[in-house]
Amino acid sequence: MNIKLPEYVDTFDDGELHIKFDPKLDLIAIIAIHSTQLGPSLGGCRLHHYSSMDDAIYDAVRLAKGMTYKAALAHLELGGGKSVLLAPEKITDRKAYFEAFGRFVEDLGGRHITAVDSGSNIDDMENIATQTRYVASRRSNGSPSPYTAHGVFRGIQAAVKHKFHRDNLDGMHVAIQGVGSVGYDLAKELHAAGARLTVTDINQAAVATCVAEFGATAVNNDEIFSQACDVFAPCAMGAILNDVTIPKLNCDIIAGAANNQLAHDHNADQLYERGILYAPDYVINGAGVMHCAVGFTSLTYEQLHSKIELIYDTMTEIFQLSDTEKTSPAHVTDIVAQERIAKATTE
Ligand code: NAD
């Protein structure tokens, strides 16, 4: 094992790293807490096959920092953290595995709140909840997807206003990659607002639904990148904005729900140089974390809708700063987040 802990110090500021082993259950769990300056650290529980402990720690640290910024940009009384579980070859008793993880979360006494993420599911959250109350994404909370979709819709409106000086989406052509939970709800709102849709998905039934309900045009998975459109909305998976796909793009705006859309930092510069307005993913999909915040902050379900409306203002602030600083919105987003944390902690 070759753990480069000193190298994380630069990235992780004054964060914390907690590691739990339970050999009987093959549990190796990491909880990275990047910041509790604005409130308890909230972040999803990722279950993944890592090739080394080092890779898992790196992922936890990187994602925890992203959650600090995501919460700050969403105006929440939350810090950032991430749980990472190193998936064994086989989990023999999944219930006991997640209960043990729940006890680990409980041991931190509320400094960390876990939630669903890739590899974990709502049943796992319910098993965690038998051991701790510091778990979001419970079945009783309902799906965050319609909220996330509305936040993305508001972000698209902000981007269209900034790029085209337009207050409506009537006739705008939006190409959506992935019409699953969020993508479908987004398509519904865009259609209601008068947008013209092109969609793709590896699930043909999901595509057929959008064609039937919203008059969308269906294209193959690899054709979505080169669609001549006003807005490209990635709503499937991460790292889809990369050295291969960016040269193919034929859009003016990229604004979608998927997490970690940029494969590398330099891809943000490529988009900026091409004049494509990029809405940073962890601002535009922030309604998901807002949904998780209900029950752990002063935010109530009644206030959730007005909170989501703020995504429009945050996106506008970032686009304007990007113009002033003559750099990509992705680069100025961290500055806006850091300023918000600094302001909130001195108030
Ligand atoms: P989902 O699994 O319901 O939908 C994803 C869709 O993408 C599926 O229909 C899937 O078939 C499709 N897809 C997968 N690979 C594809 C490919 N190569 N080409 C085209 N389509 C493909 O997931 P979701 O909950 O809608 O989330 C979508 C994205 O938004 C994810 O990146 C997720 O991390 C992010 N996100 C979701 C939420 C939320 O509230 N659900 C919140 C924040 C971020």
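Report, ordered by chain and residue number, the lysines lying within cross-link reach of Lys307, taken as a straight Cα distance under 16 Å and ignoring same-chain residues fewer than 8 apart.
Leaving aside lysines fewer than 8 places away in the same chain, those within reach of Lys307 are Lys70.
Which of Lys24/Lys90; Lys163/Lys248; Lys161/Lys343; Lys65/Lys343 have a Cα-Cα distance over 23 Å?
Lys161/Lys343
For the chain, count the residues as N, evaluate 2.2 N^0.38 Å, and divide the Cα radius of gyration by that value, please.
After normalising by residue count via 2.2 N^0.38 Å, the value is 0.98.
Pairwise over distinct Cα atoms, reciprocal of the mean inverse distance: report the Kirkwood radius of the range 139-219 in Å, one decimal place.
About 12.9 Å, per the Kirkwood formula over Cα pairs.
Based solely on its DSSP helices, what 222 nm [θ] is calculated for the chain when runs of n ≥ 4 H residues each add -39,500 (n - 2.57) and the sum is averaged over all residues, nearest 500 deg cm²/dmol?
-14500 deg cm²/dmol
Which of Glu16, Glu317, Glu213 moves the most in a Gaussian network model of the chain with Cα springs under 10 Å?
Comparing Glu16, Glu317, Glu213 in a Gaussian network model of the chain, the most mobile one is Glu213.
Could you state the number of Å between the C-alpha centres of the range 199-258 and the range 112-146?
29 Å
Using the alpha carbons of the range 145-343, what is the convex hull volume per residue in cubic angstrom, as a whole number?
Expressed per residue, the convex hull around the Cα atoms of the range 145-343 is 117 Å³.
Out of all DSSP beta bridges with both ends in the chain, state the antiparallel percent to the nearest 5.
Antiparallel bridges make up about 30 percent of those DSSP assigns within the chain.
So which residue, out of Gly15, Gly215, Gly81, gets the largest mean-square fluctuation from a GNM of the chain using Cα contacts under 10 Å as springs?
Ranking Gly15, Gly215, Gly81 by mean-square fluctuation puts Gly215 first.
Using the alpha carbons of the range 72-150, what is the convex hull volume per residue in cubic angstrom, as a whole number?
Per-residue hull volume (Cα only) is 111 Å³.
Of Asp230, Asp107, Asp93, which is the most mobile in a GNM of the chain whose springs link Cα atoms less than 10 angstrom apart?
In this elastic network of the chain, the residue with the biggest mean-square fluctuation among Asp230, Asp107, Asp93 is Asp93.
Run down the aspartates and glutamates and flag those whose C-alpha is under 18 Å from the C-alpha of Lys95, throwing out any fewer than 8 positions away in its chain.
Asp22, Asp26, Glu106, Asp117, Asp123, Asp124, Glu126
Laboratory data are not the source of any read-out in this text; all were calculated from the coordinates shown. Quantities reported herein were computed from a predicted structural model and do not represent experimental measurements.
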